[in-house]
Amino acid sequence: MTSINDDYHVEEVERLDAEPQISAAGAEVQGRYARLLVPTLVAAGALMAVVSSLGAPLIPTLAHADHVSLSTGEWLLTITLLTGALVTPVMGRLADGPRQRDVILFALTCVVAGCVVAAVSDDFAELVVGRGLQGFGLGILPVAMAIARRHLPAEEARRTIATLSVTTAIGVGLGYPITGLIAEAWDFRAAYWFGAVMVGCALVLAAFVLPGRSGVASRPLDTLGAGILSLVVIGLSVVLSEGGGWGWTSARSLGILAATLVLLGLWIPHELRFADPLVDLRQVRHRSVLTADVSGFFVSIAMYLLLPSLVVFVQIPTSRGYGFGVSIVVAGLVLVPLSLCSYLASRLLIVYERRFGARSMIPLGSLVFAFSDGFFALEHRALWEAFVTAALSGLAIGFTTGAMPGFIIRAVARTETGSATGFYQVARSIGLTLGSAVSAAVLMANTPRGQALPDVAGFRDTLLIAAAICAGTAIISFVLPGRAAEHRPAETAGEREELEEIMVEEAELAGAGLVLAEAQNPPRSEEGAQ
């Protein structure tokens, strides 16, 4: 374990805290719905992964049907990510309170409504509204993990959280071909009816299975911070998506950008002063936490510069001089290697860490990601190249995003872990939103006036930007953590051995892509505590 200690800044490791007892609500769950709670949480997480992917494979078809440009059609993905970025920190904070069930039921209701609106929409604006409501589902995963931790025994909660994480990662890759198959067999709006029915079933199941209000005290919600952050994210997304059409130096673009920066300048000191901030910015004082946050932000941008571009590119008719003119189903299948390789890479992380240490994980994954982006930007003459690009990108994503939670978990005290991982999730959500917005902006800038499809240079530039971002991330993620810092040593040899076992277990869970709210230890007996 010397490699971990050498490469991570460990602020504090609290090893002697006992695991909290299951609440009364949790005891009720164990008695009445123990067998249904875990499947319900997993089903909700997996369905949200599928629903969030309903936009990307359908962008070319829906843009053509609603007579909008391809770059404008990118809003079908951007608006979902934007909504997710806005609601995730709020839902995560509410999940720390007594009404976890109500939070999930509200989010699922919004998703069902969004699917119905999208399915019956008559124009593009209504479709965007529906996709925006579907974005509420992106905030469900941290709430589901919090429910598992609060209402299940420690070991079962650990397994459930791991399952939620892996299922969601695979769900994104599988959601694309499933969506495409439904849309091609019937009508492209049938995919949204499918989503409405499936999420509706999950809503009914959740209403009966999830535990009611618990005795946990409510915490004040930073409504002002949430409002300002919402305006900041919206402002950035609008400028990046529409700036190409308005003109980057136009009064409208510069005005919105200036207002956004002013709001950001107000939000940061507000979060630092507020007793219970929406996002605890103090966590960035840890260099390892800062490494994960910054790397997660940039890798997320690169992900959504690549994924929509790849899926849309292969569907472009060959009459345009590029593209492969494949069906929606085949376009969805392109991302299956990404999902499988992401899972494979996450399982190999612990082996790599024991052999080479943890510091090179994110840089190596970032370099592989940069190579895959650059490869398809320059070589896109055959369909197999798209599958290879997806596979390489999956290895990169699994290596980077799988390692990042480990940086956070081992760098902060147990009492600070929830706040630190919460900020990491916000950084990734905003990165995904910005990546989608940048992709739309680049494609719009390369779309000739009067045409719906961009030139091939639009896709090439998008992927080259992603490659440059990944290369920069590799440098930042290697330099930023620094060398080893002093950490509090164990007092005895037995305690040192216990600490190493805990850190190995945390690394294995982080390697599976797991974002833990806290590190978990079995409770000590009263005799042992004394």
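The values are calculated or read from the model by the stated rules, or taken from the named source; none is laboratory data. Keep in mind it's a predicted model, so treat the numbers as computed, not measured. With ideal geometry, Cβ positions are generated from the backbone for all residues, glycine too; neighbour counts draw on all protein chains shown.
Taking (1) modelled with pLDDT of 75 or more; (2) closer than 29 Å to Leu272 by Cα in turn, Leu340 satisfies each apart from (2). Can you name every residue in the stretch 243-265 that is surrounded by 15 or more Cβ atoms within 10 Å (Cβ to Cβ) and either over 20 Å from Ile430 (Cβ atoms) or under 26 Å from the mean Cα position of the chain (by Cα) (or both)? Result: Gly243, Gly244, Gly245, Trp246, Leu254, Leu257, Thr260, Leu263, Leu264. Restricted to the stretch 413-530, the set of helices (runs of 4 or more DSSP H) holding at least 3 residues that are modelled with pLDDT under 50, not assigned by TED's automatic domain parsing to the domain that holds Ala377 and not β-branched (Val, Ile, Thr) comprises 526-529. When each of Leu240, Leu229 is tested for being among the hydrophobic types (A, V, I, L, M, F, W, C), surrounded by 13 or more Cβ atoms within 10 Å (Cβ to Cβ), under 26 Å from Pro269 (Cβ atoms) and at pLDDT 80 or above, the lone residue that passes is Leu229.
I need the full set of residues from the stretch 83-117 which are modelled with pLDDT under 80, of a type in the set (A, V, I, L, M) and assigned to a helix (DSSP H, G or I), in order please. The answer is Ala85, Leu94. Only a single item in (1) at pLDDT 85 or above; (2) within 17 Å of Arg101 (Cβ to Cβ) is not met by Thr160, and it is number (1).
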